[in-house]
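Visitor: Right, I'll just put the structure down here and ask away after.
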């Protein structure tokens with residue numbers, strides 16, 4: 001859990017920190033937002049593919065550690081190139097790094113069956129879900145404090161340090177063979193390069209979503225609604241500059257958002273027997289998210 005929280009906090013810091021650093025070093029909100037867009041848009045491609053590869057790997061922790069180091073290296077290259085390298089080249093590097101981004105979050109969740117017994121998996125999953133919001137709260141808040149004190153570049157460096165610190169923990173995660181035959185059965189080594197098998201698994205995953213009405217509805221709703229959240233992330237530093245006199249303070253808006261999510265998860269976890277249906281929660285959450293972003297727009 002420590003490794004997951006460390007990696008996720010670094011990941012949550014990386015986007016706002018890159019925005020603040022890009023604004024400081026280039027003076028252009030367009031370039032800064034394009035860097036973040038490149039970093040996040042390619043995750044839509046990397047997510048499903050990395051999921052299949054992690055599921056097929058006999059030692060997924062080692063692959064996860066490699067993704068952490070690759071993502072860190074890409075962000076470091078962007079940081080060192082700001083103001084020195086053409087913007088288009090830096091955006092391309094951000095796109096390549098972003099392909100590995102999903103491993104920093106969902107990649108840890110996928111290892112839970114290898115780490116805890118089946119009887120404790122539900123509780124472990126609940127704690128893992130809360131860790132997302134804890135990282136979402138700590139990351140932007142840390143960016144705000146560090147950037148206000150030492151600048152956006154320092155916030156990026158701290159973000160990279162956290163992700164690098166999580167890499168050795170990921171590398172030592174148990175493999176499928178360590179948990180016996182059931183988990184190892186059917187798991188192919190990534191080194192086999194069975195391209196047809198990978199594409200079949202990707203197709204099976206998308207087919208499962210398409211055929212399951214509640215899952216399809218939840219996936220489409222969350223994808224469409226959450227498209228507005230990265231726009232809020234991009235706009236937060238500019239809002240911070242307009243409302244509080246400094247772009248770094250815009251990261252506090254993101255921290256408050258994550259804090260609200262963390263509190264909501266805690267309440268729902270304690271009221272599981274009386275909670276509304278998942279569909280009702282999704283509808284209400286989507287409407288509330290839209291109202292909150294509208295309020296931020298007119299602040």
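Each reported figure results from applying straightforward, stated rules to the coordinates on display, with no laboratory input. Note that the coordinates shown come from a computational prediction; the quantities given were computed from them, not determined experimentally. Cβ: placed from backbone, ideal geometry, glycine included. Neighbour counts: every protein chain shown.
Visitor: For helix 213-226, report the angle its Cα long axis makes with the longest principal axis of the Cα atoms of the chain; keep it between 0 and 90° and round to the nearest 10°.
Guide: 20 degrees
Visitor: Next up: On a 0 to 90 degree scale, rounded to 10, what angle separates helix 250-270 from the longest Cα axis of the chain?
Guide: The answer is roughly 40 degrees.
Visitor: I would also like to ask the following. Dividing the alpha-carbon radius of gyration of the chain by 2.2 N^0.38 Å (N being the number of residues), what value is obtained?
Guide: 1.02
Visitor: Give the angle, between 0 and 90 degrees and rounded to the nearest 10, that separates the Cα long axis of helix 2-26 from the longest principal axis of the Cα atoms of the chain.
Guide: Long axis of 2-26 versus the principal axis of the chain: about 30 degrees.
Visitor: Contour minus end-to-end for residue 279 and residue 215, with contour as 0.36 nm per residue of separation and end-to-end as the Cα-Cα distance?
Guide: Full extension from residue 279 to residue 215 adds 22.1 nm.
Visitor: Given only helices, namely DSSP H runs of n ≥ 4 each adding -39500 (n - 2.57), what is the per-residue ellipticity at 222 nm of the chain, to the nearest 500 deg cm²/dmol?
Guide: -26000 deg cm²/dmol, from helical runs alone.
Visitor: At R0 = 35 Å, how high is the FRET efficiency between residue 76 and residue 207 if r is their beta carbon distance? Nearest 0.05 is fine. Present the calculation step by step, with values, prior to reporting the outcome.
Guide: On the way: r = 39 Å, r/R0 = 1.10.
That pair, residue 76 with residue 207, gives E of 0.35.
Visitor: For residue 120, project a label point 7 Å along Cα to C-beta. Then give me every residue of segment 2-37 with its amide nitrogen under 18 Å of that point.
Guide: Under cut-off, by backbone N: 2-5.
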